[in-house]
Amino acid sequence: MLLFPAFLIVVVVVLIPLIMTFADSLKHYNLLDMSGGTPFVGLQNYAKLLSDPGFWGSLGRTLHFTILSLVIEFILGVAIAMLLHAKFHGQWLLRGLIVIPWAIPTIVNGAMWRWIYNPSYGALNNFLVWLHLTKTYHQWLGSPATAMNMVVIADAWKMIPLVAMLVLAALQLIPEDVYEAVAVDGAGRIRSFFSITLPYLKNVILVVLVIRTIDAIKVFDIIYAMTGGGPANSTMPVAYYAYDATFNQLFISRGAAAAYLIAMLTLIFTIVYSRLLKTEEESK
Amino acid sequence: MKMKKLTTILSAGAGLSLVVAGCGQPIPTNNTTPATNQTVTLNSLFMQQAGYSQQNIEDMTKAFEKFHPNIKVNLTFVPYESLHDKIVTALATGGAGYDTVLTDTIWGPEFSKAGFLMNITKDIPASVNSDAYQAALNTVSYNGQYFGLPWIMDTKYFYYNQHMLQQAGITSQPTTWNQVMSDAKILKQKGIVKYPLDWSWSQNEALVCDYAALVADFGGQIVNSNGKLVVNQGGAMQALNFMVNSLKDGLSNPASTQSVEDDVRKVMSQGQAAFMLNWTYAYALENDKTQSKVAGQVDVEPLPGTSTVPYPAPSVNGAMGLAIAQNTKYPVQALEYIDYLSSRQVEEKYAALSLPFYKSSLKKQTVINTEPAMVKAASVQFNDMINRPSVVKYQTLSQILQVQIQKALLGQESPQQAMNNAVSQWNSQQNQ
């Protein structure tokens, strides 16, 4: 009974839209072509999407974004968490400061990094020239070869604190005496990291992996703020593809089908991670 | 635990699903007008950008409400980049939404076809019909029917830094694009400016605006009279080759491919460009000492021509109009409101921020005095503005052009191949 309000919210804001969206995805529903109404077309929208090289291209870019951002966020997130876990003067201050990037709204973060990367007056070019690492200003977001990687860096800068904070919380739960025991057995820092720290962090890493993978697959706002999908579509992820179909082409059913495929993709990742988590729990 | 897992999984797709599902309602038409003594509230959507400021629009609205005590107007402001989507989400759902909206010249066919906007052909004031520039009227008409009233009149002008030209020994401003290129070479060779030209060529509508103007200047077409996309031939190809070559020759700033108009305006303000195309708003800012290092050096002219299209050559129509939502409950009051905002009296009062679309207004000394050089250029350019293609699927066409033009500019495709791709992609879109 106590769960009823939550259940009601889930039904109204999640289940009903999901059902309506699925129903729309099975129609030919284009606001610019309503002469024949919205006839049922079965899986035609899905078939059209799956035969569209543009959709596969956007899916490839989404995976590029997802994998690269997860790798960067996890390596640096864990490293920063380890650093913050160590005892040193000013630890409390650093722990507070690390949250700042995460607290910045994504759109603001995107606008900020767009300025940093600006090819005419951006801070990054200026800094690299000052360090004598380059003599000319680079088109960081103007080249299809670098644009997506630069967007990933901007996104990672914002999201690393989240990973670091969750990992830090898990680190603080590891009993000190476990480290003392392996130290007695002669294990060094690297050995104790892989034998003690990492196994203890496995669960939190899997949980963070689920959250960040879902977020990364749905990436839209930072792309919207930084590149608008350009140059030459080189940063257009699949969520942007769905947005374009819905809002620019007003092709509601095509956008709905794209949104469903994104939801399916996130579902697959979620199931895989859940299985991994379950296996981990069962093995204990 | 199961409930928690289900919520997590469902939430993953919920954001997008909500957005998509929200567009799926039919559009009701309910043109009931309340009694005249009843106070009605209109909801109006505007953009928060250059031209009229938010304060200006609030002042105009207050003045309107003073003369129409039974009408209150709630104003909503969004950036230009969000305006199209805001209109779509508000009007496609058929709910209360907005009674009046600010609409761009390129959205008319799309919104008309989708049934978002009210046909007001019979209600166009005589003063607008007889005195408005043709480009202003084109902005709010489709297939001979009017879906709104003109409001913001704008086009892209040719801006140049006369001080830089003088330094290079160039005595007059260029009047052809060939001269622009040769002057740019001199400026670069003499080390006056590294990249003499700067453009708004990021993957954005701004790119299509610059491209459309150049296509017209080279005597080409984007869509021909039969409605076919013809960007892979004639003047359209010359225009794209011109753009690509200007980058290859190091005369156009490579940063152009990631710039929009305001980025370009800032680069020129920093003294890092001698030539640019930009909207009306840039003139005041380029010559504002608090915002520009080159204040007093920047002049404005109509667009240069070519051997086939002499100076003054056409520029792109960037006007915007005020329209009434098809599903408004108050069409009479909404019409009164947009009628007032687009009246000659209001257009002239705020001429310093956006030039009036009335021909007679640009001859008035009070309007000329606001920015004499700007009004002089506008008086010529307003007579020669071309529309971007008036097609229902304009957003799709624009997206195809943006990507393919960028591929040519970035050297990913030859200009000819890129435009052939654009034509074949557009043709296949027509069959969907």
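Rule-based calculations on the coordinates, nothing more; no lab input. All of these numbers come straight from a predicted model, not from anything done at the bench. Backbone-built Cβ (ideal geometry, glycine too); neighbour counts: all protein chains shown.
Values computed for the structure shown
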{"quantity": "Distance (nanometres) between label positions extended 7 Å along Cα→Cβ at A:Thr134 and A:Val178", "calculated": "4.4 nm"}
{"quantity": "Inter-chain Cβ neighbour average for residues A:260-266, partner chain, 10 Å", "calculated": "4"}
{"quantity": "Cross-link pairs beyond the 23 Å C-alpha cut-off, checked among A:Lys158/A:Lys278; B:Lys188/B:Lys248; A:Lys135/A:Lys158; B:Lys185/B:Lys248", "calculated": "A:Lys158/A:Lys278; A:Lys135/A:Lys158"}
{"quantity": "Inter-chain shielding of A:252-259 (mean C-beta neighbours from other protein chains, 10 Å cut-off)", "calculated": "4"}
{"quantity": "For chain B, built as a Gaussian network whose Cα springs stay under 10 Å, the top-fluctuating residue of B:Leu214, B:Leu401, B:Leu410", "calculated": "B:Leu410"}
{"quantity": "Beta bridges per DSSP with both ends in chain B, % antiparallel, nearest 5", "calculated": "60 percent"}
{"quantity": "Averaged over A:15-26, number of beta-carbon atoms from partner chains that fall within 10 Å", "calculated": "5"}
{"quantity": "Cα centroid separation - region A:143-170 against region B:206-285, whole Å", "calculated": "35 Å"}
{"quantity": "Kirkwood Rh and Cα Rg combined as Rg over Rh, evaluated for region B:235-324", "calculated": "1.00"}
{"quantity": "Length-normalised contact order of chain A in % [C-alpha pairs under 8 Å, at least 6 apart]", "calculated": "28 percent"}
{"quantity": "Positive-end residue of B:Ala90, B:Ser252, B:Ile57, charge dipole of chain B with Cβ unit charges", "calculated": "B:Ala90"}
{"quantity": "Separation of alpha-carbon centers, region B:167-183 and region A:2-70, rounded to whole Å", "calculated": "54 Å"}
{"quantity": "Reachable aspartates and glutamates, given that their alpha-carbon falls under 18 Å from the alpha-carbon of A:Lys218 and they are not under 8 places away in the same chain", "calculated": "A:Glu73, A:Asp155, A:Asp244"}
{"quantity": "Among A:Pro199, A:Val182, A:Phe220 the positive-end extreme of the charge dipole of region A:175-221 (Cβ point charges)", "calculated": "A:Phe220"}
{"quantity": "Packing rank of A:252-265, B:412-425, A:39-52, where each peptide gets the mean count of other beta carbons within 10 Å, highest leading", "calculated": "A:252-265, B:412-425, A:39-52"}
